[in-house]
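Asks: Below is one structure. I have some questions about it.
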Amino acid sequence: MREFPRGPHPWTGQAAALPWRSALPWRSSLALAVVQLVGTQAAAHSQPERVGLGLLGRALLVAGPALLLARHRHPRLAVLGTAAVTALYLGAGYPYGPVFLSLVVACFAAVAAGRRVAAWSALAGLWAVHLLIAHWLHRWLPPAGDGPAAWGPEAAVAAWAVAIVAASELVR
């Protein structure tokens, strides 16, 4: 088993780079993109009232995992970007599914990197956008004829958001 250097480099005094932190996380991001695409396609079959996944919907599903490539070096960009992409996806009226997975991974990465404010802000902002879309803006956004959502499930959505950040704090 290979030992990785600990502490500062003996000649430069800089911290040694760990091999898994220096490379872009291609495999996990690609796997997450596949899960989001396939999972949302499967979930769309039970949601015929939602807008069909077209090229833009699929591009938004891939954009979240693509932003996760930057999660180790730029955790704020990753978490805020995935929240924005998810908000655009929800606003476009596409079917619900595992679209939130890339945001969960980005939140874990941001909290692990010490960017708690960015993680909490991203989740709170997405929840606020979800409230606006589901309760007030639904008249003007797709799908046509969509009514307001019930207020009851909003507590569960808020609880999931808090659980995500709390779990990432525990992992940290």
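The values are calculated or read from the model by the stated rules, or taken from the named source; none is laboratory data. Keep in mind that this is a model prediction, so the values were computed, not measured. Quick reminder, even Gly has a Cβ in these numbers, built from the backbone with ideal geometry, and neighbours come from all protein chains shown. All accessible areas refer to the heavy atoms of the entire protein, side chains included, with ligands and DNA or RNA removed. Shrake-Rupley method; radii C 1.70, N 1.55, O 1.52, S 1.80 Å.
Asks: Under a plain spin-label model, where a point goes 7 Å from the Cα along Cα-to-Cβ, how far apart in nm are TYR96 and ARG27?
Replies: Inter-label distance under the simple model: 3.3 nm.
Asks: Relative contact order (percent) for the chain, with alpha-carbon contacts under 8 angstrom and 6 or more residues of separation?
Replies: That works out to 21 percent.
Asks: Additional query: Just the number, please: carbon plus sulfur as a percent of the accessible area of segment 98-139, 1.4 Å probe, no ligands or DNA/RNA counted.
Replies: 75
Asks: Only residues of segment 111-129 count here: report those whose backbone N is under 18 Å from the spot 7 Å along Cα→Cβ of VAL157, or say none.
Replies: Residues 120-129 fall inside that zone.
Asks: Going by average Cβ neighbours within 10 Å, how do the peptides 71-82, 24-35 rank, with the highest at the top?
Replies: Per-residue Cβ counts within 10 Å, averaged per peptide and sorted highest first, yield 71-82, 24-35.
Asks: Hey, if you put +1 on the Cβ of every Lys and Arg and -1 on every Asp and Glu Cβ in the chain, which of ALA149, ALA92, LEU103 ends up farthest toward the positive end of that dipole?
Replies: Towards the positive end, the residue furthest out is LEU103.
Asks: Given +1 on the Cβ of Lys and Arg, -1 on the Cβ of Asp and Glu, and no further charges, what dipole in debye does the chain carry about its Cα centre, rounded to the nearest 20? The partial results should precede the final answer.
Replies: Numbers: 13 positive and 5 negative charges, 132 e Å.
That gives the chain a dipole magnitude of about 640 debye.
Asks: As a check on your grasp of the helix formula, calculate [θ] at 222 nm for the chain: sum -39500 (n - 2.57) over DSSP H runs of n ≥ 4, divide by the residue count, round to the nearest 500. Mind showing how you got there, number by number?
Replies: On the way: 7 runs with 104 residues, N = 172.
Mean residue ellipticity, 222 nm, calculated: -20000 deg cm²/dmol.
Asks: Tell me, what is the per residue accessible area of segment 18-172 in Å², probe radius 1.4 Å? Let's see the in-between values first.
Replies: Numbers: 8300 Å² over 155 residues.
It amounts to 54 Å² per residue over segment 18-172.
Asks: For segment 101-172, which chymotrypsin sites (Phe, Trp or Tyr not before Pro) pass both filters: DSSP loop (anything but H, G, I, E, B) and at most 15 other C-beta atoms within 10 Å?
Replies: Of the chymotrypsin sites (Phe, Trp or Tyr not before Pro), the ones in loops of segment 101-172 whose Cβ has at most 15 other Cβ atoms within 10 Å are TRP136, TRP140, TRP151.
Asks: How big is the chain along each principal axis, measuring the range of its Cα positions in Å and listing the largest first?
Replies: Extents along the principal axes: 67, 29, 24 Å.
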